[in-house]
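The values are calculated or read from the model by the stated rules, or taken from the named source; none is laboratory data. Bear in mind the structure is a predicted one, so any value in this text is a computation, not a measurement. So basically every Cβ, Gly included, is an ideal-geometry build from the backbone, and we count neighbours across all protein chains shown. To get the accessible areas, we keep the full protein, side chains included, count just its heavy atoms, and leave off ligands, DNA and RNA. Shrake-Rupley method; radii C 1.70, N 1.55, O 1.52, S 1.80 Å.
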Amino acid sequence: MNENPQALEAAARTALTTHHSRALVFEFEGQRYVVKKLAEKPRKLIQTLFMRWLVKRLTGQPLPMRTLALSQAANGMDFEARRLQSLAAAGIRVPRVALVTPEFFVLEFCGTVIATLLEQWTMETWRSELGRQATELGQFHKAGQWHGGAQIKNITLQDGLSYRIDFEENFGEFLPLTVAQAADLVLFLNSISLAGPVDEAESRRLLPELLGRYFAANPDPEIKQVIRRALPLLGTLSGIAGCFQRWSKKGIRRVLILVDVLRGID
């Protein structure tokens, strides 16, 4: 598709001035697009030090401070646009980048996020579709990729095909790949637990099945090892969090369910 860059930029700017949002859908020449501005999220020293400690805890190997410092370079305005273009070149289904400016970028619209669709699905549909997404995440990882935000709010469906969106997170640029992939898996599972019509009983039934689908597609023992190394820490945190469960709507219950499910990894 050959858009007029100047006209497309003007339409995107108009949309941004009309709606005060970082990301929104607009129409241009009969097609739907998404314009997105990135939030500046500089990494503080304490975050860098914590990440270094966590990586050593999970992998047994220290990460040089200079490697972590390189992550600062990934906070530029066009970082996400570059990742999308790189993933598309690797054959991953992501939105096409139509325009990049110093202030925002424009993507081709690629459907509704699964987190929204889940509210409308029957139990049969969500069990089938979420199982497919677990398999696709495993295939994505087996291809040597990582997302950084693998929650179902960052996966869209259009014409029966799924697309990955939202690649602002840059930690996979400097973390060991298996750590970034394990984080993807945890985020994916946690986003499904107690989501919409998925109650606690269904979460405890469904999540182990999704783990099985994921590892059938990506039988990487290193990812299991990363999760096993993290379980003592997660168990401690969930024990502390459990004391505050009465004041949490869903967040703490999700953590408790997730830790129980991860303990079942063989």
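One table, with the values for the structure above:
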{"quantity": "Net lengthening on full extension, Thr14/Gln139 (0.36 nm per residue, minus Cα-Cα)", "calculated": "41.1 nm"}
{"quantity": "Simple spin-label estimate for Arg205 and Ser21 in nanometres, 7 Å along Cα-Cβ", "calculated": "3.5"}
{"quantity": "Lys, Arg +1 and Asp, Glu -1 on Cβ, resulting dipole of the stretch 65-218 about Cα centre, debye, nearest 20", "calculated": "460"}
{"quantity": "Peptides 175-182, 117-124, 101-108 ordered by average Cβ neighbours within 10 Å, highest first", "calculated": "175-182, 101-108, 117-124"}
{"quantity": "Gain on full stretching of the segment that runs from Ile92 to Glu29 - 0.36 nm per residue minus C-alpha separation", "calculated": "20.0 nm"}
{"quantity": "Surface share of carbon and sulfur [accessible, 1.4 angstrom probe, percent] for the stretch 143-184", "calculated": "47"}
